[in-house]
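One structure below.
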Amino acid sequence: MKAMYRLESIRKTYGSIIALDLEELTIAGGRLYTLTGSNGAGKSTLLNILAFLSPPTSGEILYAGKRVDWNSESLEAFRRKVTLLHQSPYLFAGSVYDNVAFGLKIRGIRGKEQLRIVDRVLDGVGLRGFLRRKARELSGGEAQRVAMARALALEPEVLLLDEPLANIDRETSGLLETVIASLPLQGTTVVMTTHDPHHPDRLRGESIVLERGRLVSPPPGSVGSLTREGAAG
Amino acid sequence: MDFLVSSFVAALRLIGSFPPDVRDAVRTSLSVSTGATVFAAVFGIPLGLLIGLTEFPLKRIVVTILNTMMALPTVVVGLVVYGFLSRQGPLGILGLLFTPTAIVIGGTLLATPIVANYSLASVRGADPRIVPTALTLGAGYLRVVGALIGEVRFGILAAVIAGFGRVVSEVGVAMMLGGNIRGYSRTMTTAIALETSKGEFAFGMALGIVLMVVALIANLFLNFLQQR
């Protein structure tokens with residue numbers, strides 16, 4: 001399995017606070033990883049770096065074998081391969097359709113093809129018939145599903161999920177779990193943060209555990225070496 | 001009290017009959033204010049967005065200057081522009097002094113800091129998730145800015161209306177740069193000042209009422225758009 005990401009000596013600091021300090025981490029393609037750790041462990045920081053939204057303070061990242069240059073226009077091309085679904089997703093003003101089609105328009109997908117994709121992904125998250133609904137009038141669970149559909153519509157190589165199953169009802173959670181678990185079968189790499197200790201087993205995912213910004217459990221089958229402190233912890 | 005009531009009644013009659021002097025002043029006011037607001041929007045919105053979305057040295061000083069410029073006295077703007085447009089000034093050759101165009105120039109200078117500042121405030125107050133959401137969906141810089149403008153459009157619209165309010169209600173610039181020429185560069189505010197000083201209080205009051213109605217219509221328009 002090819003490596004999607006290879007992170008080398010990644011460090012992210014905010015002033016004197018070290019939010020993330022990873023010696024080495026490789027994330028393989030077409031797999032599902034659950035990212036766990038207590039609050040402030042660096043999970044969201046890592047997701048933002050993986051999504052190319054926030055550069056590390058130091059260190060290097062290779063995506064699909066290509067070195068990521070944080071100061072170049074190529075960053076936009078990297079971002080188009082990876083989509084991050086935030087824990088509390090933002091829906092733009094307008095309809096559900098406008099939201100799901102947002103990324104498709106950017107990619108030049110319009111007309112019937114656009115409508116077909118929007119229909120398919122909304123159907124996939126159980127929101128058939130929601131096309132014309134105003135996004136701002138949806139319940140929390142519905143909004144979460146629209147955001148998921150918006151991300152799925154882009155068929156990203158990597159889908160990063162920040163607590164996608166938090167704060168939603170059991171029925172919606174079950175549905176989204178099924179959707180998420182099916183993604184690696186279609187070749188999508190998934191990295192998902194969670195506080196639920198059962199998620200790695202239920203989703204048949206591999207586990208990455210962070211504590212105080214350091215890796216304490218690298219994913220089996222991938223290259224991930226522990227920092228000295230991490231190994232001790 | 002009788003004076004006020006009788007003047008008010010006379011003012012309503014004047015508005016009803018809509019004499020040429022009132023009509024010309026209303027037309028001039030609306031045209032120069034609209035022109036100045038359009039230019040202020042063209043310069044002010046991008047300026048506010050640029051300051052709000054980028055980090056650069058001396059940003060705080062630039063914001064402070066912009067804040068200060070919101071309180072620019074109209075007569076100071078009038079004085080400076082007069083200096084440029086007067087016959088001896090560097091732009092005197094254009095012959096713009098005492099024309100509606102000169103009022104538009106002055107009005108643009110008055111309204112631009114207001115539009116820029118309100119636009120800046122809209123961007124600063126925007127939901128911090130907008131930019132990362134647009135970026136992670138593959139948007140480039142221009143599309144991110146477009147998405148942001150779309151989300152804060154009511155704030156920006158309010159900025160434009162505030163700019164219009166500033167221009168339509170000022171006297172100094174219109175008086176100094178327009179020259180208060182009857183039927184040509186006389187605006188509602190300069191007409192109110194002139195007619196009241198001549199003792200034509202009812203005439204001034206009629207224009208004052210029209211001015212208030214214009215402000216009311218601008219706000220109703222904003223409310224209408226917000227409720228859509």
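The values are calculated or read from the model by the stated rules, or taken from the named source; none is laboratory data. Computed from a predicted structure; not experimentally measured. Every residue, glycine as well, gets a Cβ built from its backbone with ideal geometry; the counts of neighbours run over all protein chains shown.
To keep it simple, each residue is scored yes or no on (1) part of a helix (DSSP H, G or I); (2) of a type in the set (F, W, Y); (3) modelled with pLDDT under 95.
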position	(1), (2), (3)
B:S7	yes, no, yes
B:A11	yes, no, yes
B:A41	yes, no, no
B:G52	yes, no, yes
B:V80	yes, no, no
B:F84	yes, yes, no
B:G107	yes, no, no
Is there a residue in region B:194-202 that is out of contact with any strand residue (DSSP E or B) (no Cβ under 9 Å at 6 or more places or on another chain), in a helix (DSSP H, G or I) and within 14 Å of chain A (Cβ to nearest Cβ)? no
Within region B:128-149, considering residues that are facing another protein chain (nearest Cβ under 7 Å) and assigned to a helix (DSSP H, G or I), the one nearest to A:A153 (Cα to Cα): B:T136
Please find, within region A:102-118, the residue that is nearest to B:A147 (Cα to Cα) out of those that are crowded, with 19+ Cβ neighbours inside 10 Å and more than 10 Å from chain B (Cβ to nearest Cβ). A:V118
Specify the residue that is farthest from the other protein chains (Cβ to nearest Cβ); the eligible residues are those in region A:79-101 that are assigned to a helix (DSSP H, G or I) and surrounded by fewer than 21 Cβ atoms within 10 Å (Cβ to Cβ). A:Y97
Result of the Cβ filter at 8 Å on region A:19-37, keeping first residues that are within 14 Å of A:I180 (Cα to Cα) and of a type in the set (G, A, S) and partners that are buried (at least 22 other Cβ atoms within 10 Å of the Cβ) and at pLDDT 95 or above, at least 6 apart or interchain, is A:G30/A:T189
Could you please find all residues in region A:42-61 being surrounded by 22 or more Cβ atoms within 10 Å (Cβ to Cβ), closer than 22 Å to A:H199 by Cα and either away from chain B (no Cβ under 14 Å) or of a type in the set (S, T, Y) (or both)? A:G42, A:K43, A:L46
Out of curiosity, is A:Y5 closer than 26 Å to A:V121 by Cβ and either within 14 Å of chain B (Cβ to nearest Cβ) or buried (at least 21 other Cβ atoms within 10 Å of the Cβ) (or both)? yes
Give A:R128, A:R132 a once-over and let me know the one that is assigned to a loop (DSSP other than H, G, I, E, B), away from chain B (no Cβ under 11 Å) and closer than 22 Å to B:G150 by Cα. A:R132
